[in-house]
Amino acid sequence: VPVRLTDYRPADFLIDSVALDFRLDRTATRVVATLTLRRNPKGVPGAALVLDGDELTLVSLKLDGRALGPQEYEATPDRLTLSAVPDGPFTLEIETRVDPTANTQLSGLYRSGSAYCTQCEAEGFRRITYFLDRPDVLSVYTTRIEADEREAPVLLANGNPVEAGKIAGGSRHYAVWRDPFPKPSYLFALVGGDLGVVRDSFTTMSGREVALAIYVEHGKEARAEYAMDALKRSMRWDEEKFGREYDLDVFNIVAVSDFNMGAMENKGLNVFNDKYVLASPETATDGDYAGIEAVIAHEYFHNWTGNRITCRDWFQLCLKEGLTVFRDHEFSADMRSRPVQRISEVRGLRLVQFPEDAGPLAHPVRPSVYHEINNFYTSTVYEKGSELVRMLRTLIGAETFRRGMDIYFERFDGTAATVEDFLSCFAEASGRDLSQFALWYSQAGTPVLSSEGAYDPDAKTFTLTLKQETRPTPGQTDKKPVVIPVALALFSENGQKLDLASRDARPEELSRGLVELTGAERRLTFENVPSRPIVSLLRGFSAPVRLEPAPASADLERQLAFDDDPFNRWQAAQSLALRAIFARVDAARQGAAAPEAPGYVAALRTLLVGADADPAFAAQALSLPSVIDLAREAGSDVDPDVHHAARMGLRAEIGGALRADAEAAYARFADKGPYRPDAAGAGRRALRAVALDLVAAGDPQKGGALAQELFRNAGNMTDRLSALTTLALLGGDAREAAFESFYKQFADDPLVLDKWFSLQATIPEPATTQRVIKLMSHPDFSLTNPNRLRALIGAFANANLTCFHALDGSGYDLLTRVVLDVDPRNPQVAARLLSSLRAWRTLEARRRALVEAKLRDIVAREGLSADTRDIATRALA
Ligand code: ARG
Ligand code: ZN
């Protein structure tokens, strides 16, 4: 049954407090939940009490201390109904028994390695006890955990520690935790296990001391130091930038190796996928370090945007996720290079969100209907959601935005809020009517912003026409114009920035260089324009739209040379690359000789030679669009083989032309050690990896030799993996030897082995599919560990387009088999894997037919999970 936004009703009961008592046992954990309930004045008078469950076994039930007989309630695994309850407040004591070992869904109480842990968002709490498992029921929790001390010396739950001790006569002990902040059940967490710990402390802006701890597998403590540092920087940053102080005496993080997603913001007890905690120079890349910093910050920032202010219902998921992603993006921008951060944000958005928004799984940032909420933790809700918050700040200005945030924190603290509540704060702070802006939350699809310029040399005027259009998406055919903030600048041919003068724009639009497109079309005539200008549009990616068409190549080359907006300089390089690749695609389709792109190559030479000024930026600008980028830009009739071939052709052309410069850069940016995971070091390493790739493209022998040398002598994982990536592409015995030696060196390190699996899965040559199949029987492969599964199968399906979309259907066979195999055990992860088909309708006809047949097979399966059924059904619709 679908759940609809318009069906929202307040709960019939409120649960003021919850006392949980856990007796941890591997297969029969006993949970006693004592709830104090009362009728919600906003609920239906006289309504029955109906609590959610999921695969639960009820042991006993008491109402106000009296044991209830079986005729006084109805208990099924997924519901507990009491038709007659007192009108005044009452307590309900519910005893359930759960089997954490059998819980392979990794939702509810489960085991990761030898530890007990929980994951309750979105609807996992109901797998522990019967409850009003919805985000608008806020309660104060006390949690007592009892366990065998030898098995679980560490016992953690939300809030502050209250009491702990041994239980007489045996090896059992207990701990009691109390969280004074009312919270919804999805923020509950518990951990029990034998874990190592890193401790630190943080003094908040009002001078309170907070004890910090990160729990990891014994022996990995040193690898949690960077995460700890990131945590302290996050806590300080939220105070400085948003005035938000931490509110408990302790903040605990636990890293586990079996986790369905990245991490979870449980109040005072964040639980993390260990890949977002553990790092050392020998085992983690610069990208891993940046990921840890971002996810640590993200979960910490949820303490205010998510926990203190939570969501009224799951349709409001973007209220906490989009906003918190925006906050972690800003944090990363402050910690690292702002332009480089912005470019990676947009690359990420275009890689996953744009295809999602253009395909059958498209949905608004705030969806209005769902079958399975777990399928809505999407790039649209997170990344596009973040772009909407950024756009709001762009529209009303940073200061007014901050005032709006203050109002939000002040007014909605302790509540379960909505997107309307959020927007009302900014309407108030800015005095603006934000009703058109709100359309961004309810309308799916990426608007296309098109521009046309006309220069009048006699009048010295330049007329810019901006138009917008959003194509229909599933279930939403009519689209209204949205408000699009278009940041713009005009440059003269020699790179001088022109003052904007126009009677068609408000003075503040001109002074800010930000015009608003609110209707379908807007025409702006700029005066005193001495010659045909170069237009820099959508600077900083000021709105999540597709901009069409790209300027003429000559203008792009100029923009790359002198635009003072680094994002648009990067964009110019990308647009030039796309044009060059698509010219090759067209030529190949007509059987013509491949056209060369001398202008683009010359621009890249300038970037490479001048890379020292900002190596990280140069590395991004020198990187070619991926085959996924090409597929998205093509939009229809996609044949990844043709795109891959054209891309490799251009790569060889560039490598050939820039060989000497690439070799020089490779030498110049040599690692001077010691390794530091900061942005500056990472930028130099990224540039060097690009240089190595170019050398290998122009001179495979030379590139192979350099890569082998780097692979042997690398002082850190970033360089070692760059070398291995180059060797993987070059192939031959050197590649196989390198993979073998890498395996030997890191066989005991699961997170590094994930890289080993991934890199092999992404080799763009036909034999890879067989290689992946063979790797599935490798003793280190596992279908039950989500990280390992994503490393091999996820990488294959998402980052190896030529193999995944092989014309013989072998890639689709492989994915389908794995999805169906995983589905009964872990539906969330199976459904997520299947979403790698999000863009299938853009494929050319033969591949489309193959995918469609597979999706029909899946839908026809009996016993398919709701999660996977939902994705397959929507993908076909
Ligand atoms: N709230 C978590 C985060 O963004 C993610 C939880 C994902 N839950 C899920 N069922 N997919 O930090
Ligand atoms: Zn989040």
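Derivation of every value follows stated rules applied to the coordinates shown; laboratory data play no part. Predicted model, so just to flag it, every value in this text is computed and none were measured. Please note: Cβ atoms are built from the backbone with ideal geometry, for glycine as well, and neighbour counts cover all protein chains shown.
As a proxy for reagent exposure, Lys460, Lys854 were ordered by neighbouring Cβ count within 10 angstrom, fewest first; the result is Lys460, Lys854. Taking the inverse of the mean 1/r over every pair of distinct Cα atoms in the chain gives a Kirkwood hydrodynamic radius of 29.0 Å. Charged neighbours of Pro786, selected by a Cβ distance under 12 Å, balance to +2 (K, R count +1; D, E count -1).
Taking the inverse of the mean reciprocal distance over all distinct Cα pairs, the Kirkwood hydrodynamic radius of the stretch 692-835 comes to 15.8 Å. With the convex hull drawn over the C-alpha atoms of the stretch 191-350, the volume per residue is 123 Å³. For the stretch 1-46, the set of trypsin sites (Lys or Arg not before Pro) satisfying both a DSSP loop assignment and a count of at most 14 other C-beta atoms within 10 Å is given as Arg26, Lys42. For the stretch 145-183, trypsin sites (Lys or Arg not before Pro) are listed when DSSP marks them as loop and at most 15 other Cβ atoms sit within 10 Å of their Cβ; the list is Arg150. Kindly provide the Kirkwood hydrodynamic radius of the stretch 91-242 in Å, to one decimal, from all pairs of distinct alpha carbon atoms. By the Kirkwood definition, the hydrodynamic radius is 17.3 Å. Cβ under 12 Å from Arg584's Cβ, Arg584 left aside: what net charge do those residues give with Lys, Arg +1 and Asp, Glu -1? Computed value for this residue: +1. Exposure proxy ranking for Thr283, Thr324, based on other Cβ atoms within 10 angstrom of each Cβ and starting from the fewest, stands as Thr283, Thr324.
Per residue, the average separation of C-alpha pairs within less than 8 Å and at least 6 apart gives the chain a relative contact order of 8 percent. Rg and Dmax, both from the Cα atoms of the stretch 168-249 and both in Å, are 15.7, 53.
For the stretch 557-712, dividing the convex hull volume of the Cα atoms by the residue count gives 123 Å³ per residue. Here the stretch 212-262 and the stretch 125-161 have alpha carbon centers that stand 20 Å from each other. With neighbours defined as other Cβ atoms within 10 Å of a residue's Cβ, the residues Phe326, Phe796 order from fewest to most as Phe326, Phe796. Going by the alpha-carbon gyration tensor, a ≥ b ≥ c the square roots of its eigenvalues, is the stretch 94-163 rounded (a/c under 1.5) or, if a/c is not under 1.5, prolate (a/b greater than b/c) versus oblate? It is oblate, given that a/c is not under 1.5 and a/b is not larger than b/c. Distance between the pseudo-spin-label points of Glu420 and Val44 (7 Å out from Cα toward the beta carbon): 2.2 nm.
Relative contact order, whole percent, for the stretch 87-161 stands at 20, derived from Cα pairs under 8 Å and 6 or more residues apart. Taken about its Cα centre, the chain carries a charge dipole of roughly 660 debye when the Cβ of each Lys and Arg holds +1 and the Cβ of each Asp and Glu holds -1. Three semi-axes describe the equivalent ellipsoid of the stretch 304-371; taken as square roots of 5 times the Cα gyration tensor eigenvalues and ordered largest first, they are 24, 20, 5 Å. Classify the stretch 372-475: rounded, prolate or oblate, from the alpha-carbon gyration tensor (a ≥ b ≥ c, eigenvalue square roots; a/c under 1.5 rounded; otherwise prolate if a/b is larger than b/c)? Verdict is oblate for the stretch 372-475. Computed on the stretch 316-473, with alpha-carbon pairs under 8 angstrom and 6+ residues apart, the relative contact order is 27 percent.
What trypsin sites (Lys or Arg not before Pro) in the stretch 486-559 are in a loop by DSSP, with at most 10 other Cβ atoms within 10 Å of the Cβ?
Counting only loop positions with at most 10 other Cβ atoms within 10 Å, the trypsin sites (Lys or Arg not before Pro) in the stretch 486-559 are Arg503.
Which FRET efficiency, nearest 0.05, do Asp433 and Tyr8 yield, Cβ-Cβ r, R0 25 Å?
About 0.55, to the nearest 0.05.
Couplings 3J(HN,Hα) of the stretch 225-239, computed from phi: 5, 5, 4, 4, 4, 4, 4, 5, 5, 5, 5, 5, 4, 5, 5 Hz, in residue order, whole Hz [Karplus 6.51 cos²θ - 1.76 cosθ + 1.60, θ = phi - 60°; x for Gly and Pro]. Taking Lys and Arg as +1 and Asp and Glu as -1, the other residues whose beta-carbon sits under 10 Å from that of Tyr174 total 0.
Could you order the peptides 592-605, 773-786 from most to least packed, using the average number of other C-beta atoms within 10 Å per residue?
592-605, 773-786
On C-alpha positions alone, give me the angle between the axis of helix 810-822 and the longest principal axis of the chain, in degrees, nearest 10. Roughly 20 degrees between the two axes. A simple rule links phi to the HN-Hα coupling: the Karplus curve 6.51 cos²θ - 1.76 cosθ + 1.60 with θ = phi - 60°, which for the stretch 694-704 gives 5, 4, 5, 5, x, 8, x, 5, 4, x, x Hz, with x for Gly and Pro. The tail of the calculated P(r) for the stretch 18-155 beyond 27 Å holds 20 percent of all Cα-Cα pairs.
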